[in-house]
Amino acid sequence: MYNLHLSTEQLEVRDTIRDFVTREIKPVVLKAQRLEICDRRLPMQLMDHASQMGLRTLALSEDRGGAGADHLTCCIVAEELATGDADVAAALSTTSWLGHLLFDHVMNDAQRERFLLKFVNDGDFHLAFANHETQTDTRLGVNYHRPAPPDVALETVAAKAASGEWIINGVKDYVANAPIAALFTVTVKIPGQPVPKVLLVPADAPGLIVRVHEKPWSHGCCGEVTFKDCRAPADNLLGDDAAALLACFLGNAMPLFQALNVGIGRAAYEAALDFAHLRVQGGRPLIEHQAIGTKLAEIAIRLEVARASVWRAAWASDHPEAIADGSLPDLPLQAVAQIFTSEMMVKATKDAAEIFGAMGVMRDMPLQKYIHDARVCQHNGNGNSDAKLRLAEVIAGFRRSAHLPMALAGE
């Protein structure tokens, strides 16, 4: 049964993160000097503290040293973190969810033995998934409601050396967490193999070079990763089904990043609400004026409906049987949440800024940051237009093959 009554544990987690954001994250990331120069660097001290709180290993199963949080709990945490800073929320969510996929579902016992303790015990041990090839376009476009064209050819190649090691050559771009990752999960083409394979490559592997994107159109941190005769041990190759499993499970992680978007909208709303109580105009606080009250009410409605959409998608990811037995519609609920939430949060942040008047567009005020962050969510990746086309295909009864390029399957 779909239940919105949070457990005692979920409420405690939410309140703990909310307190952490209020006391530690906001005083750092919302400093006027930082906002003025659009400083988007990750506050690594805060990231370390979040790791000590268990947020980096949040989704990892309990028997492997994590918290074993489900989709809904991860979404609650992502929203709370994003009210402080979307970049911190994105970086931690990426590592947490990828860690769950790798250690709980994809790695074999020998690989877990080599990497699990490092991941659990080292607060700086972040993860990155390098699957996007440079100069590739995975948008649906003219292929709407038509058979998919052949998969985009993988240009990153791994060949077996005489020593047994893998020699990797190629370039991956827009790799989330690349500047801070200690371990990369890399999709590669192995000559003679018909489907993509996945290799584990430590950040300190010879021949691996990371170039940081200074102003990426994404949350967290990302960069370009070049493999130039990069060497990885032979037993770092994941199983034959690793590429498909990562694609499937990463698709289920989409509600996490929509929860992050809700957090951005909520931060803007809370700032506007506080200002409306403090600012006096015409002899009474702004919130007592009908126009301002109505605008705040509209923002609150968008937030509540968006959160409900995200939570339902998260719950469906944990309970696929609800779709199988018809309790929930057979629709890509992650796409529904993405489309609605990203559009509504852009409107919410803009309306919140309007309540501040001219102050809302000043660079040393947080409203311009919230609007920027919301627009990143709307246009990140292939954007909303592509998501709408994919939803439209499902509504029309057009089902695509389960075998998709990695960048598509992850949506």
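The values are calculated or read from the model by the stated rules, or taken from the named source; none is laboratory data. Just so it is clear, the structure is predicted and the values come from calculations on it, not from any experiment. Quick reminder, even Gly has a Cβ in these numbers, built from the backbone with ideal geometry, and neighbours come from all protein chains shown. These area figures cover heavy atoms from the full protein model, side chains too; ligands, DNA and RNA do not enter into them. Shrake-Rupley method; radii C 1.70, N 1.55, O 1.52, S 1.80 Å.
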Label zone at residue 362, where the point sits 7 Å out along the Cα-to-Cβ direction: segment 64-105 residues whose backbone N lies under 11 Å: none
Solvent-accessible surface (1.4 angstrom probe) belonging to residue 257, in square angstrom, nearest 10: 70 Å²
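For segment 178-225, report the convex hull volume of the alpha-carbon atoms normalised per residue, in Å³, without decimals. Walk me through the numbers on the way to the answer.
Numbers: hull volume 4.6 nm³, N = 48.
Cα-based convex hull of segment 178-225, divided per residue, equals 95 Å³.
Would you kindly calculate the translational diffusion coefficient of segment 296-396, applying Stokes-Einstein with the Kirkwood radius from alpha carbon pairs, for 4 °C and a viscosity of 1.567 mPa s, and quote it in µm² s⁻¹ without decimals?
Numbers: Rh = 15.0 Å.
Approximately 86 µm²/s, per Stokes-Einstein.
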In Å, descending, principal axis extents of the Cα set of segment 1-135: 49, 44, 32
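Quick one: ranking 273, 81 by accessible area, 1.4 Å probe, largest first, what do you get? Numbers along the way, then the final one.
Numbers: 273 45, 81 5 Å².
I get 273, 81, largest accessible area first.
In nm, what is the difference between 0.36 nm times the number of residues separating residue 11 and residue 270 and their Cα-Cα distance?
Details: separation 259, 0.36 × 259 = 93.24 nm, distance 1.96 nm.
Length difference between fully extended and current span is 91.3 nm.
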Extreme residue, positive dipole direction of the chain, given options 88, 328, 253 (C-beta unit charges): 88
Hits among lysines - C-alpha to C-alpha of residue 295 under 30 Å, sequence gap 8 or more where chains match: 26, 31, 347, 350, 369, 388
The chain, helix-only ellipticity at 222 nm - DSSP H runs n ≥ 4, -39,500 (n - 2.57), divided by all residues, nearest 500: -15000 deg cm²/dmol
Largest-first principal axis extents, alpha carbons of segment 212-345, Å: 74, 47, 17
Gain on full stretching of the segment that runs from residue 24 to residue 153 - 0.36 nm per residue minus C-alpha separation: 41.9 nm
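Based on the Cα gyration tensor of segment 129-218, what are the three equivalent ellipsoid semi-axes, each the root of five times an eigenvalue, rounded to whole Å and given largest first?
Working: eigenvalues 125, 83, 16 Å².
That gives 25, 20, 9 Å for the three semi-axes.
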Accessible area per residue, Å², the chain with all protein chains present, probe 1.4 Å: 46 Å²
Exposure of residue 269 as accessible area (Å², to 10), given a probe of 1.4 Å and all protein chains: 50 Å²
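Please state the relative contact order of the chain as a whole percent: Cα pairs under 8 Å, 6+ residues apart?
Working: 706 pairs, mean separation 75.2, N = 411.
With pairs under 8 Å counted, the relative contact order is 18 percent.
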359, 344, reordered so the largest accessible area comes first (probe 1.4 Å): 359, 344
Those residues of segment 323-358 whose amide nitrogen sits under 18 Å from the label point placed on residue 288, 7 Å along Cα→Cβ: none
Estimated dipole of segment 47-148 in Debye, rounded to 20 [Cβ of Lys and Arg +1, of Asp and Glu -1, Cα centre]: 360 debye
Reciprocal mean inverse distance between Cα atoms of segment 178-282 - Kirkwood radius, Å: 17.4 Å
Partner lysines for residue 172 [C-alpha distance under 21 Å; skip if fewer than 8 residues away on the same chain]: 160, 189, 197, 215, 228
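Kirkwood-based Rg over Rh for the chain (C-alpha set), two decimals? Could you put the intermediate results ahead of the total?
Values: Rg = 21.8 Å, Rh = 22.2 Å.
For the chain, the value is 0.98.
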Normalised contact order of segment 212-316, rounded percent, pairs of Cα under 8 Å and 6 or more residues apart: 23 percent
